[in-house]
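The values are calculated or read from the model by the stated rules, or taken from the named source; none is laboratory data. Predicted, not measured: the structure shown is a model, and the values here were computed from it. Note that we place each Cβ from the backbone using ideal geometry, even for glycine, and neighbour counts take in every protein chain shown. Ligands, DNA and RNA are excluded from the accessible area calculation, which covers all protein heavy atoms including side chains. Shrake-Rupley method; radii C 1.70, N 1.55, O 1.52, S 1.80 Å.
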Amino acid sequence: MSEVGFIGLGTMGGPMARNVLKKGHRLTVYDVNPKAVAALVADGAIAAASPKAVAQASEVVITMLPDAPDVEQAARGAEGILAGLKPGSIFLEMSTIDPDTSRKLAREVRAQGSDMVDSPVGKTAEHAVSGTLTLMVGGDARAVARVRPILDCMGTDFFHCGEIGAGHAMKCVNNLLATTLVAVNSEILAAGMKAGLTLDVMTGVMQKTMAWNNQLAIGFPARPLRGDFEAGFMLKLAHKDCRLAMTMIRNMGLTAPVGAATLAVCQEGLDAGYATKDVGVLLKLREDLAGLKVRLATKP
C-alpha cells in the first residue's frame, strides 16, 4: 500500500482516484469542488485543505486538471504541491498539458530532491470508471517503475514513451489526429449523403479501403450517428488539446496546415455554442449546413 495524493476530481480524475482507492492505497484528495471531495471521502479517502497538504501526506502526488495554468497554480505558491513535496516522493502529472510545462516543472521538482513522471491518459470517462485507460508515460525509467503499480490501478494499456514530457507530447499528437478524424469524417459523411449516397453504402465501401478509421468504426456509431451529442469528451477539451498540439508543433519550427484547420473547425463549434457537447457535435455542424441528418438506420 502506498500513500497517494490526488488533486483534481472531475469527470476523469474522480473515477481514476476511486480506482486507486479501491486497490487498497491510502488516498488523500483535494479539489476546488467540495462535492467532488465529499464523494471520495465517503468512499474512504482523506480530505486535504490544499495541494500542499496533499503533498505533505503522500509518497506519490497525482494531478488531473483541465490545463497547464491549472497545474502550475496547483504546483506553485505557498499552498502548492512544491511547498509540501517530500524528498524522494514523485509528482505524477496526468493532465493533458504541453510538454514544455511538464519539463519545466520536472526541473523544479528534481531540484527539491524528488522526481516527476508525466502520464496523460487516452480513451473516455467510461474507461476511467472501469480502470481501462491508455497510459502515455514519460520519465526516468526508475521513477516510472516506482509509480507503475499506481498507474496500473487506472489503466490497462501502458506505453513508456520516453523521458519526461514524452507522455504529454504523445497525448498532443494523438488527440490532434483523433479530432482531425472526427472533423473530416463529419465533412465527408454529410457531403456524401448530400450527393445521394446512403450511410450504409459509404461505410461499406470505406471498410474495404484505406479511408476506414476507428472513429468511423467505434466513435461515430456510439454517439453522433445516433444523434447523441451529450458530453463524452467535450468539444472545449478537444479544442484545448488541438491548441496544445499546434503550439508544440510551431515551437519546433514545423507547420501543420491540416491540424490548423482542425483547430479552426473546433473553434467554429465553440462559436456555435457547443463547447460542453461531445466532440462528435462537429457532425451536427456539417448536418446543419447540408440541411440533413446522418444517422444509423433504426430497426423496426
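Using the Cβ-Cβ distance between Arg110 and Gln73 with R0 = 30 Å, the FRET efficiency computed as 1/(1 + (r/R0)^6) comes to roughly 0.90. Return the carbon/sulfur percentage of the accessible area of segment 17-58, one whole number, probe 1.4 Å, all protein chains in place. Heavy-atom surface of segment 17-58 belonging to carbon and sulfur, 1.4 Å probe: 56 percent.
Where only DSSP H runs of four or more residues are counted, the chain gives -14500 deg cm²/dmol as its mean residue ellipticity at 222 nm, each run worth -39500 (n - 2.57). Rounded to the nearest 20, the Cβ-based charge dipole of the chain about its Cα centre (Lys and Arg +1, Asp and Glu -1) stands at 380 debye.
For the chain, calculate the relative contact order in percent as a whole number, restricting contacts to Cα pairs under 8 Å that are 6 or more residues apart. Worked out over the chain, it gives 14 percent. Principal-axis analysis of the Cα atoms of the chain puts helix 99-111 at an angle of about 10° to the longest axis.
In terms of packing, defined here as the mean over residues of other Cβ atoms within 10 angstrom, the peptides 157-164, 78-85 line up highest first as 78-85, 157-164. Computed from the C-beta positions of Ala222 and Asp288 and an R0 of 22 Å, the FRET efficiency is 0.55 to the nearest 0.05.
Among the listed pairs Lys23/Lys240; Lys23/Lys86; Lys22/Lys236; Lys23/Lys104; Lys236/Lys284, which are separated by more than 27 Å between their Cα atoms? Lys23/Lys240; Lys22/Lys236; Lys23/Lys104, as the Cα separations exceed 27 Å there. Computed about its Cα centre, the charge dipole of segment 146-300 is approximately 80 debye, with only Lys, Arg, Asp and Glu carrying charge at their Cβ. Subtracting the Cα-Cα distance of Ala272 and Glu163 from 0.36 nm times their residue separation leaves 35.3 nm of extension gain.
Taken over segment 198-300, the percentage of Cα pairs per 5 Å bin, counting from 0 up to the bin with the maximum distance, is 2, 12, 18, 20, 20, 15, 8, 3, 1, 0, 0. What do you get for the angle between helix 141-151 and the principal long axis of the chain? Use alpha-carbon atoms, 0 to 90 degrees, nearest ten. Result, in degrees: 70. Altogether, the Stokes-Einstein calculation at 25 °C and 0.890 mPa s, with the Kirkwood radius of segment 171-258 over Cα pairs as Rh, returns a diffusion coefficient of 170 µm²/s. Among (1) 183; (2) 159; (3) 147, only one was calculated for this model; which label is it, if the read-out is volume of the Cα convex hull per residue in Å³? After the calculation, the listed value that fits is (3). Against the chain, whose longest principal axis is taken from its Cα atoms, helix 235-251 shows a tilt of about 80°. DSSP assigns beta bridges within the chain; of those with both partners inside it, close to 15 percent run antiparallel. Here the spin labels are modelled as points 7 Å beyond Cα on the Cα-Cβ line, and at Val41 and Ala141 they lie 4.4 nm apart. Here segment 167-235 has 63 percent of its accessible surface on carbon and sulfur atoms, given a 1.4 Å probe and all protein chains in place.
From Cα pairs below 8 angstrom and at least 6 apart in sequence, can you work out the relative contact order of segment 95-222, rounded to a whole percent? All intermediate terms of the calculation are to be shown ahead of the outcome.
Numbers: 155 pairs, mean separation 29.4, N = 128.
Relative CO of segment 95-222 lands at 23 percent.
Once backbone amide H atoms are built at 1.01 Å from N, Ser114 has Gly88 as its partners under 5 Å, excluding neighbours fewer than 5 places away on the same chain. Below 8 Å between Cα atoms, with a sequence gap of 6+, how large is the relative contact order for segment 1-96 in percent? It rounds to 30 percent for segment 1-96. For the pair Asn33 and Trp212, label points projected 7 Å from Cα toward Cβ lie 3.9 nm apart.
Please give the per residue accessible area of the chain, computed with a probe of 1.4 Å over protein heavy atoms only, in Å². Don't skip to the end; give the middle numbers.
Working: 13480 Å² over 300 residues.
Result: 45 Å² of accessible area for each residue.
For the chain, the residue among Gly84, Ile150, Asn214 whose Cα projects farthest onto the positive side of the dipole built from Cβ charges is Asn214.
Whole Å is fine, so just give me how far the alpha carbon centre of segment 4-75 lies from that of segment 133-167. Cα centroid to Cα centroid, the span is 18 Å.
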